[in-house]
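Structure first, commentary second.
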Amino acid sequence: MRNILIKEFRLSASPLSFFFILFGLMFFIPGYPILLGAFFVTLGLFYSFQATRETNDILYSALLPIAKRDVVKGKYAFVCSVEGISFLLMAAVVIVRMTLLKDSPVYRNNALMNANLFALGGALLIFGLFNLIFLSGFFKTAYKIGRPFVIYVIVVLFTVTAFEALHHFPGLGALNAFGTDSMTLQLLMLLAGALLCVIMTVLSCGTACSRFEKLDL
Amino acid sequence: MAIVEVKDLTKRYPSFTLDGVSFGIGSGRITGFIGRNGAGKTTTIKAMLNLVHPDSGTVSFFGKPMAGNETEIKKHIGYSTGAVSWYPRKKIRDIVDIEKRFYDSWDLESYGKYMELFALDDRKTPMELSEGMKVKLNLLLALSHKAEVLILDEPTSGLDPFSRNELLDIFTELKNHGVAVFFSTHIISDIEKCADDIVYISKGKIVSAVSKDDFIRNHSLDGESLEDTMLRLERSSSNA
């Protein structure tokens, strides 16, 4: 698996996938739907799948002395690595906003979602949706990227809108907590996001492996 | 003794059927896989490599079925296709650096030898190579991990006559080292020059899978060249 992951990083990946990790810094932007930062990270990953198709990467990988399902697992390992790195970047931003900048007026006077642990849980949910919808959709054919990405974009835009709206509903204001306010709730929301991300990724990987096994290349 | 056994391989497409394809590839033998465009050569090769799933039939390498032993088997075989180039904008040295990680048997000496022989420059990218040089690059990758079986899909297409001759000489050298070389082609003179065995496929069915001498004995008329024999067989198959 180590070698296939190295191959993914050095041969298959588009440089844009790495550049778009920086969109995690969008968690600093006040008055902006910050979860779009997570979406832009997945947009960067989408470019790698475009490159995968253009460079015959799937056929090359399938001919290597590895099991066919390892080709799929390599892609998942790459995607999860990029998502993991961008999550760490977002988490660092959230920690700064929850501590040093917790009373900053630009963030306090912000009608949109605050960058807290709930937002981080939301970012993980978006990564999970990308893995569930786009990745398993891609491995239906191992070359069609448009349809699964469009479906993912529609779902993610609804998700971001819902997350932005939630704290405006009566009784849900605590989701927009500043600093360490409502810490238990924030932690629970982060854990829920992480759990959903893991479940969606594992389910998606299993589906993608069995789809790819049946594909004629 | 066959090092590769293909038995009753069948794959149905809406407009084409690969129909009960069976043949063997001997160790230290050069086997030419011949047939016109669309006869089923590439489908057969892809099915042998588990890239295409046959509806029925089996493929075994070294006495082991491909199903369940794919990883181990692929370490001992080399595959090259004439037309496809991977990662057109990556430097050859970067592609090689990744490829060799997957093979314990990667042979730097062979790699250096074939780099020199094929006059390849590893600072170039595949898109900077001519079609012929791309074929050589694919072959270089296949030859550098000491494969015991080489499966080559139209390796001589796009090569100039000198390079083709060079390649056929390499096949003979590999055969002398016990390597089984299986290559598809529609250039009959390539088969004439170096093949020991001929597998002839037409419209998805194996017409003949015997030694070259037996093929000539069974099918050629007096004084007829192999090329003329093949053309006659194809014409009669088209008229049938």
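For A:His168, project a label point 7 Å along Cα to C-beta. Then give me every residue of segment A:110-139 with its amide nitrogen under 14 Å of that point.
So the set is A:110-114.
R0 = 51 Å: FRET efficiency of A:Asn109 with A:Val202, Cβ-based, nearest 0.05?
Values: r = 41 Å, r/R0 = 0.80.
So the FRET efficiency works out to roughly 0.80.
What number, in percent, do you get for the relative contact order of segment B:117-240 if the mean sequence gap of Cα pairs under 8 Å and at least 6 apart is divided by its residue count? Mind dumping the intermediate values first?
Values: 102 pairs, mean separation 21.0, N = 124.
Computed value for segment B:117-240: 17 percent relative contact order.
Quick one: if the Förster radius is 35 Å, what FRET efficiency do B:His53 and B:Ser208 give, using the C-beta to C-beta distance and rounding to 0.05? Don't jump to the answer; show the numbers that get you there.
Working: r = 26 Å, r/R0 = 0.75.
Computed FRET efficiency for B:His53 and B:Ser208: 0.85.
For a quick check: with amide H placed at 1.01 Å from N, whose amide H comes under 5 Å from B:Lys146's, ignoring anything fewer than 5 positions away on the same chain?
B:Asp107
Taking springs between alpha-carbon atoms closer than 10 angstrom, which of B:Thr42, B:Thr31, B:Thr17 fluctuates most in the Gaussian network model of chain B?
Answer for the Gaussian network model of chain B: B:Thr17.
How well do other chains shield peptide A:57-68, expressed as the mean number of their Cβ atoms within 10 Å of each residue Cβ? Please report the intermediate quantities before stating the final value.
Values: counts 2, 0, 5, 8, 2, 5, 14, 8, 12, 5, 5, 4.
Mean number of neighbouring Cβ atoms from other chains: 6.
Per the Kirkwood formula on distinct C-alpha pairs, the Rh of the protein assembly as shown is how many angstrom? Could the numbers behind the result be given before it?
On the way: mean 1/r = 0.0402 Å⁻¹.
When all Cα pairs of the protein assembly as shown are included, the Kirkwood radius is 24.9 Å.
Can you compute 3J(HN,Hα) from phi for each residue in segment A:164-169, using the Karplus curve 6.51 cos²θ - 1.76 cosθ + 1.60 with θ = phi - 60°, rounded to whole Hz and x for Gly and Pro?
5, 7, 3, 6, 7, 6
Which cross-chain or sequence-distant (5 or more) residues have an amide H under 5 Å from the amide H of B:Lys205, H modelled 1.01 Å from N in plane?
So B:Lys205 has HN proximity to B:Asp19.
Would you mind counting up the charge near B:Val4? Only other residues with Cβ under 12 Å from its Cβ, with Lys and Arg at +1 and Asp and Glu at -1.
Details: positive: B:Lys7, B:Arg29, B:Lys64; negative: B:Glu5, B:Glu148, B:Asp197.
Its environment carries a net charge of 0.
Using a 7 Å offset from the Cα along the Cα-to-Cβ direction at both A:Ser210 and A:Arg69, what is the distance between the two label points in nm, to one decimal?
About 1.1 nm separates the two model spin labels.
Semi-axes of segment A:2-214's equivalent ellipsoid from the Cα gyration tensor, sqrt of 5 times each eigenvalue, largest first, rounded to whole Å?
After diagonalising the Cα gyration tensor, the semi-axes are 34, 16, 14 Å.
Quick one: 3J(HN,Hα) in Hz for segment A:14-29, Karplus 6.51/-1.76/1.60 with θ = phi - 60°, rounded, Gly and Pro as x.
3J(HN,Hα) across segment A:14-29, in whole Hz: 7, x, 4, 4, 7, 4, 6, 4, 4, 5, x, 5, 4, 4, 7, 6.
Which FRET efficiency value, to the nearest 0.05, do you get for B:Lys91 and B:Glu166 by plugging their Cβ-Cβ distance into 1/(1 + (r/R0)^6) with R0 = 22 Å? Present the calculation step by step, with values, prior to reporting the outcome.
Working: r = 24 Å, r/R0 = 1.10.
Step by step, r from the Cβ atoms, then E = 0.35.
In segment B:94-122, what residues drop by 50 Å² or more in accessible surface going from the chain by itself to the full protein assembly, probe 1.4 Å?
When all protein chains are present, B:Ile98, B:Arg101, B:Phe102 each give up 50 Å² or more of accessible surface.
For segment B:137-154, take each phi angle, set θ = phi - 60°, evaluate the Karplus expression 6.51 cos²θ - 1.76 cosθ + 1.60, and give the result in whole Hz per residue in order, putting x for glycine and proline.
Running phi through 6.51 cos²θ - 1.76 cosθ + 1.60 with θ = phi - 60° gives 4, 4, 5, 4, 5, 5, 7, 7, 10, 6, 5, 8, 10, 10, 10, 10, 8, 6 Hz.
The values are calculated or read from the model by the stated rules, or taken from the named source; none is laboratory data. All figures in this text were calculated on a predicted structure; none of them were measured in a lab. With ideal geometry, Cβ positions are generated from the backbone for all residues, glycine too; neighbour counts draw on all protein chains shown. Areas reflect the complete protein model, heavy atoms only, side chains present, ligands, DNA and RNA absent. Shrake-Rupley method; radii C 1.70, N 1.55, O 1.52, S 1.80 Å.
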